[in-house]
Amino acid sequence: MTDQGRRRLPVIASITKLEQIDAAVNSAVERVNLMTGDIMKLRDIVNRLHSSGKKVFVHLEMVSGIGRDNSAVQYLADSYKIDGIITTKTNTVLASRQAGISSIQRVFAIDTTALGTAVKMIGQARPDEVELMPGLMPRVIRDLKKEIHCPLIVGGFLRSEEEIDEALAHGADLVSTGDTRFWT
């Protein structure tokens with residue numbers, strides 16, 4: 001399908017390399033998950049993405065130089081005006097609520113026990129959204145969606161529009177991808 005004929009998918013741009021920032025700025029996506037960079041470049045990156053109308057969520061465990069405590073989250077909210085955070089940590093989800101910003105709790109479904117633990121963590125922390133990794137598991141997407149009461153994002157290993165459609169058909173609300181072809 002050509003870019004002009006491509007339908008708009010509910011996609012979040014996952015920036016995993018600084019070289020992707022231009023593509024995100026020039027894309028039609030409304031949200032960006034920033035998963036690279038460091039505290040020294042963060043202000044410029046966030047300002048640039050905000051100037052292009054994007055909401056910016058910062059992955060605290062992947063952007064260098066950022067602490068994972070309440071003060072770090074509050075500082076990012078106040079000083080950088082980020083829209084939200086992405087984290088695997090329950091206490092950081094709670095810190096985002098105190099800071100008045102949104103949170104995405106990222107969980108990895110490596111087996112049944114890990115998924116059960118994730119459901120408990122989600123219930124305790126009550127993030128605004130949950131991101132399930134990897135995103136190529138229709139039955140797990142469907143099962144997790146039944147257990148949580150917030151939007152579900154799936155990401156990881158999604159390489160085609162058909163795979164994105166399958167994830168959405170099984171309950172995903174959004175898809176995060178670093179593949180710029182889907183940022184249109």
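The values are calculated or read from the model by the stated rules, or taken from the named source; none is laboratory data. Quantities reported herein were computed from a predicted structural model and do not represent experimental measurements. Positions of Cβ are generated from backbone atoms using ideal geometry, with glycine treated the same way; all protein chains shown enter the neighbour counts. These accessible areas exclude ligands, DNA and RNA; they are computed on the full protein's heavy atoms, side chains included. Shrake-Rupley method; radii C 1.70, N 1.55, O 1.52, S 1.80 Å.
Could we say that ASP111 is acidic (Asp, Glu) and over 20 Å from LEU42 (Cα atoms) here? Yes; evaluated as a whole, the condition is true for this residue. Pairs linking a residue in the range 76-103 that is at pLDDT 95 or above to a residue that is of a type in the set (Ser, Thr, Tyr) and open to solvent by 50 Å² or more (accessible area, probe 1.4 Å), with Cβ atoms under 9 Å and 6 or more positions apart or on different chains, are ALA95/SER71; ALA99/TYR75. Across the range 82-123, the qualifying residues are those that are part of a helix (DSSP H, G or I) and within 25 Å of LEU49 (Cβ to Cβ), and the one among them that is most open to solvent (accessible area, probe 1.4 Å) is GLN98. Summed over the range 159-178, the residues that are without any contact (Cβ under 8 Å) to a residue 40 or more places away in the chain, buried (at least 16 other Cβ atoms within 10 Å of the Cβ) and farther than 13 Å from LEU9 by Cα give a count of 2. On inspection, ARG7 does not qualify as open to solvent by 80 Å² or more (accessible area, probe 1.4 Å) and touching a Phe, Trp or Tyr at 6+ places or on another chain (Cβ under 7 Å).
Applying a threshold of 6 Å to beta carbon distances and a minimum spacing of six or more residues, or different chains, the list of pairs starting in the range 24-40 at a residue that is touching a residue at least 24 places away in the same chain (Cβ under 8 Å) and ending at one that is surrounded by fewer than 22 Cβ atoms within 10 Å (Cβ to Cβ) and polar (S, T, N, Q) reads VAL25/SER52; ALA28/THR184; MET35/THR16; THR36/THR16; ASP38/SER64.
Among the residues in the range 175-184, are any assigned to a strand (DSSP E or B), within 17 Å of the chain's Cα centre (by Cα) and farther than 27 Å from ARG7 by Cα? Let's see the steps before the verdict.
Just the residues of the range 175-184 that are assigned to a strand (DSSP E or B), to begin with: 175-177.
Narrowing further to those that are within 17 Å of the chain's Cα centre (by Cα): 175-177.
Filter again for farther than 27 Å from ARG7 by Cα, leaving none.
Within the range 175-184, not a single residue is assigned to a strand (DSSP E or B), within 17 Å of the chain's Cα centre (by Cα) and farther than 27 Å from ARG7 by Cα.
Within the range 156-169, how many residues are closer than 22 Å to ILE86 by Cα and modelled with pLDDT of 95 or more? The total comes to 3.
Filtering the range 10-50 to residues that are under 20 Å from ARG68 (Cβ atoms), outside any loop (DSSP other than H, G, I, E, B) and open to solvent by 60 Å² or more (accessible area, probe 1.4 Å) leaves MET40, LYS41, ARG43.
All of (1) touching a strand residue (DSSP E or B) at 6+ places or on another chain (Cβ under 8 Å); (2) of a type in the set (A, V, I, L, M); (3) open to solvent by 50 Å² or more (accessible area, probe 1.4 Å) hold for ILE148 with one exception: (3).
Set side by side, the residues PRO134, PRO151 differ, and just one is at pLDDT below 95, closer than 23 Å to ALA13 by Cβ and not hydrophobic (A, V, I, L, M, F, W, C), which is PRO134. So which residues in the range 124-145 are more than 16 Å from THR87 (Cβ to Cβ), out of contact with any Phe, Trp or Tyr (no Cβ under 9 Å at 6 or more places or on another chain) and open to solvent by 50 Å² or more (accessible area, probe 1.4 Å)? Scanning the range 124-145 gives ARG139, ARG142, ASP143, LYS145.
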